[in-house]
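Taken together, the values in this text are just the output of simple stated rules run on the coordinates, not laboratory data. Just so it is clear, the model here is predicted, and its values are computed rather than measured. Positions of Cβ are backbone-derived with ideal geometry, glycine not excepted, and every protein chain shown enters the neighbour counts.
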Amino acid sequence: MPTTKKDDPARWLAVAQTVESTANPLTIPYEITLKEAAQSADFVDAYWEPQGTRPGLSSVAKRLPHSTAADLRSLIHAVQDAQTNLLLLVDPIVIDQGERARTLIDELASALEFLLDDGVQEPADDQLVSLRDFHAQDGQRSSALAQSLNDYATLADTLRDRLVEVDTSFDPAWIDEARKLAKALSTSASKPAASAKEIADATALRNRLLTLMQQRVASVRKAARRVFRKQPELIRQVTSAYERRRRAERRAKQASEATAPATPPTA
């Protein structure tokens, strides 16, 4: 029988049933969502007490209890458990191959970002932005991972020599491995071993837990904006770096399009 310790993820199962919406609340990739939730928990602990002239989050404890940090860490584990249980029902190959797929996607995306962040606008820059936007809502399903692997591998292959030239730690074998793994994920047909109701229930639970986690992340950010309103560098630590980057890229693209010479009309 599960315990009810503060750090026991099982305690959230009953709380999750109070969440009305069963839709996926995420607007950024799943892995980044978990990372940002962990960063929010660390932020609460790091800046709870005031230090010198810097205020502390403890000043708004009525709105943001210190226990929010522990709650977030517990919810992260609960979400991970729910996600694993869901994948076991609908897409078991991801349990074996998903971690390597995500690692390869991260390696290729990171290498491409480093290469193309050179102040020179070229078609590959727009391709990379398009890829990130397109795959931003990808779940952890084998079909989504396969598509992402293929897309990043294709772009990386066109820049293979340049990637190696600017960063000798980049392994071009990752490109070929990504394509091979994408094929394996695509050709291994998922055979759900559960009923439609079991899958729907597991999906709803995962989404409710994500909602609970995101609500607490939002509370931390709201409190940070209030408490550290005179210290924007601290607020920046707890806001989404992913979203900031996407906004910056959209602004750069819009600026580039605005200054691009007009195409003369054809005769």
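Brief remarks follow.
- Remark: the range 28-38, residue by residue, has Karplus-estimated 3J(HN,Hα) of 10, x, 3, 4, 5, 4, 5, 4, 5, 5, 5 Hz, where x stands for each Gly or Pro and the curve is 6.51 cos²θ - 1.76 cosθ + 1.60 at θ = phi - 60°.
- FRET efficiency estimate (nearest 0.05) - Cβ-Cβ, L13 to D42, R0 25 angstrom: 0.50
- Note on the chain: lysine pairs with Cα distance below 23 Å, sequence gap of 8 or more or different chains, count 9.
- Kirkwood analysis of the chain, using all unique Cα-Cα pairs, places the hydrodynamic radius at 21.1 Å.
- Backbone phi angles across the range 60-75, fed through the Karplus curve with coefficients 6.51, -1.76 and 1.60 (θ = phi - 60°), yield HN-Hα couplings of 10, 4, 5, 9, 10, x, 4, 5, 4, 4, 5, 4, 4, 5, 5, 5 Hz in residue order; Gly and Pro are listed as x.
- Theoretical ellipticity at 222 nm over the chain - DSSP helices of four or more residues, -39500 (n - 2.57) apiece, nearest 500: -22500 deg cm²/dmol
- Per-residue 3J(HN,Hα) values for the range 46-52, derived from phi via the Karplus relation 6.51 cos²θ - 1.76 cosθ + 1.60 with θ = phi - 60°, read 5, 10, 5, 8, x, 9, x Hz in sequence order (x marks Gly and Pro).
- Two-site FRET efficiency, D161 against K62, from Cβ-Cβ distance with R₀ of 45 Å, rounded to 0.05: 0.15
- Percent of C-alpha pairs per 5 Å bin, the range 67-219, short to long: 1, 9, 16, 16, 15, 14, 12, 10, 5, 1, 0
- Spin-label model, E113 to T53: label points 7 Å out along the Cα-to-beta-carbon direction sit 3.4 nm apart.
- Relative contact order of the chain, defined on C-alpha pairs under 8 angstrom at six or more residues apart (%): 30
- With neighbours defined as other Cβ atoms within 10 Å of a residue's Cβ, the residues L72, L149, L159 order from fewest to most as L159, L72, L149.
- Loop trypsin sites (Lys or Arg not before Pro), the range 138-240, which have at most 13 other Cβ atoms in a 10 Å radius of their Cβ (DSSP): R229, K230
- Look at the Cα gyration tensor of the range 21-143: its axes a ≥ b ≥ c give a/c of at least 1.5 with a/b at or below b/c, and that counts as oblate.
- Here the chain is assigned +1 on the Cβ of each Lys and Arg and -1 on the Cβ of each Asp and Glu. Its dipole about the Cα centre then comes out at about 1560 debye.
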